[in-house]
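Before any comments, here is the structure.
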Amino acid sequence: MSTAWNSRRTAYALLVCLIAASVALSVLIERSTGAGMTRLVHLFDVVALLTGAFLLYHVQARFRVEQQLAYQAGHDPLTGLAHRRSFEARLRSLPARPHTVVLGTIDRFSRIVGGYGHGFGDRMIIGLARRIQHAAEECGGEVYRLDGANFAILYQGRRDSPEFDTAIGALRARAGQPYVCESHEVFTTLSLGAVCYPQDGAEPDVLLRNADAALQAARQAGGDTLVRYSESLNAQAGQRLDLEAQLRRAVERGELELHYQPQQSLSHGGLIGFEALIRWRRGGDLVAPGHFIPLAEESGLIVSIGEWVLEEVCRQLSVWQADSGRRLVIAVNISPRQFAAPGFLPHIEALLAATHIDPSCIELEITEGVMMENAESAIVLLQRLRALGLRLSIDDFGTGFSSLAYLSRFPIDKLKIDQSFVRDMGTVKEQSAIVQATIGLGHSLGMTVIAEGVETEAQRALLHGWQCDEIQGYHYSRPLPAKAALNFLHGSMQLRAA
Ligand code: C2E
Ligand code: MG
Ligand code: MG
């Protein structure tokens, strides 16, 4: 500020000197005659030229500053791309020719930030913005950064044209290349939703709402895909709202129930406990969690559902322990939103105090992504849960982005190897290597290791040979309703007694 002020003062002082010099010269010219006058006229010309050049320089500098300010007002400072307001302005002034608007988001971006930090996230956004820009501009597209990991691209032409297919193919190929930063290699994918102007909406608001519906459909399909808008997408959104209302009532009407899948020790072959898996009895059907847990998560209903699951597990534990006289562990799945809810820890504390359940009989299953999302605060919460005496496990291990540095800091008792690795470990060399390495990793960090989705004797034998501690899967038992689970418990106790 003071440097700019000083240089401006110097410039004005110089201008005043130049003007004073030309005034003095013109007075001298008036009074002089002959050769002296000619010299003075030349000198006056030089001073006038200098004054002109000086003024021109300043006009140009001012023009440059104004241009820079106008650019900054319309662009995102991180990536240098035009920002949301510029995008909205562009949509308002589209010529009456078909254009395709694509909204895109980087899949699992918050997990990447959770795992590697915000600085890494920013550098990744910058790198990806460049790639998206190159790929889009090669096909005549314009790129805008909306916010966070969200971009918009505007192409000329329709969303069902071969040119658009080529442009999207190029964009996804460029964005999908591994991103190397600070020796980490990260694979990214994009979820994309496309709408056509004016066919899918002539007004910017409608166009953006429909593009967003297409983007959400791409995310719900698991990401790494493009969804083109169709009217049925809005109908689907309506159906989701109906389903949400039904699910809300299901909680009140007691239509949710827990099934229990037995877990087996590979050292003594006996039952060690169960994993509680939720089901929705809807009409005559039993709906699997895959069909309603994501919706419950999105709508926030998962918090009350999760509380009900924990309460039901405590009730079931006391019934079974009183019936069998045996100490059992029941694992409970904790969803990301439930884990992040402020009432999560107080609810568990109150529940343990009210039921007098031995906390070490409850194992909370948390996925890697949830822990990595906000690793430092996750560590604090996990430590407090551990201090209550609860057991903690990482569910679906190997499918998320675990940072090994963090893994050693999480107070975890058990690693659950995801069933996708177990499924192919007999036939795919790499999968078997991953399973063996995970068992070794878990043991060296002092954790118990359990393999999920064990369906065959061959898989059990391999895992036994690799010193895996426990298994869970159809080979030992499918998930069972509470009554059948109690029978299973009695059966396993008789087996051990025999
Ligand atoms: P998960 O926690 O990884 O649970 C294991 C899933 O694998 C269960 O599916 C189980 O039935 C299935 N499974 C077990 N053994 C085998 C096998 O040998 N082969 C195959 N193909 N599958 C096997 P389910 O019950 O459909 O649950 C799916 C997911 O829903 C669970 O995955 C968990 O993430 C979630 N979930 C279930 N119950 C709850 C709950 O109470 N709360 C929350 N937040 N999520 C839940
Ligand atoms: Mg689980
Ligand atoms: Mg699992």
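Some observations on this one:
- Stokes-Einstein D in µm²/s, Kirkwood radius over Cα pairs - segment 244-497 at 25 °C with 0.890 mPa s viscosity: 130 µm²/s
- Intensity falloff of the chain expressed as log10 I(q)/I(0), Debye formula with alpha-carbon point scatterers, at q = 0.08, 0.12 Å⁻¹: -0.67, -1.17
- Assigned charges on the beta-carbon of Lys, Arg, Asp, Glu; segment 419-498 dipole about Cα centre (debye): 240 debye
- Applying 1/(1 + (r/R0)^6) with r as the Cβ-Cβ distance of Ser267 and Ser420 and R0 = 25 angstrom yields a FRET efficiency of 0.50.
- Counting heavy atoms of the protein chains alone, Val65 has an accessible area of about 80 Å² for a 1.4 Å probe.
- For the chain, with +1 on Lys and Arg beta carbons and -1 on Asp and Glu, the positive-most of Leu310, Gly442, Cys139 along the dipole: Cys139
- For Lys429, a cut-off of 19 angstrom between C-alpha atoms picks up these aspartates and glutamates, skipping any fewer than 8 places away in its own chain: Asp418, Glu452, Glu455, Glu457.
- Relative contact order computed over segment 168-320 (Cα-Cα under 8 Å; 6+ residues apart), in percent: 13 percent
- Label-point separation in nm, Gln383 to Leu49, each point 7 Å along Cα→Cβ: 7.6 nm
- Accessible heavy-atom area order of Ile112, Ile29, highest first, probe of 1.4 Å: Ile29, Ile112
- Dipole in debye (nearest 20) - segment 244-497, about Cα centre, beta carbon charges: Lys, Arg +1; Asp, Glu -1: 500 debye
- Rounded to 5, the percent of DSSP beta bridges in the chain classed as antiparallel: 60 percent
- The Cα atoms of segment 386-498 give a gyration tensor whose axes a ≥ b ≥ c have a/c of 1.5 or more with a/b no greater than b/c, which makes the shape oblate.
- DSSP bridge analysis restricted to segment 244-497 gives an antiparallel fraction near 45%, rounded to the nearest 5.
- Full-extension gain in nm, His118 to Arg64, via 0.36 nm per residue minus C-alpha separation: 16.1 nm
- Exposed chymotrypsin sites (Phe, Trp or Tyr not before Pro) absent: longest stretch of the chain, with sites in DSSP loops and at most 15 other Cβ within 10 Å deemed exposed: 188-473
- Inter-label distance for Ala461 and Glu163, nm, one decimal - labels placed 7 Å from Cα along Cα-to-Cβ: 6.2 nm
- Segment 244-497, accessible surface, carbon-and-sulfur percent (1.4 angstrom probe): 53 percent
- Solvent exposure of the chain, expressed per residue, is 51 Å² of accessible area, with all protein chains present and a 1.4 angstrom probe.
- Segment 424-465: GluC sites (Glu not before Pro) in DSSP loop, at most 15 other beta carbons within 10 Å: Glu455
The values are calculated or read from the model by the stated rules, or taken from the named source; none is laboratory data. These numbers come from a predicted model, not from an experiment. No Cβ is skipped: glycine too gets one built from the backbone with ideal geometry, and neighbour counts run over all protein chains shown. Just so you know, the surface numbers come from the protein's heavy atoms only, side chains and all, with ligands and any DNA or RNA stripped out. Shrake-Rupley method; radii C 1.70, N 1.55, O 1.52, S 1.80 Å.
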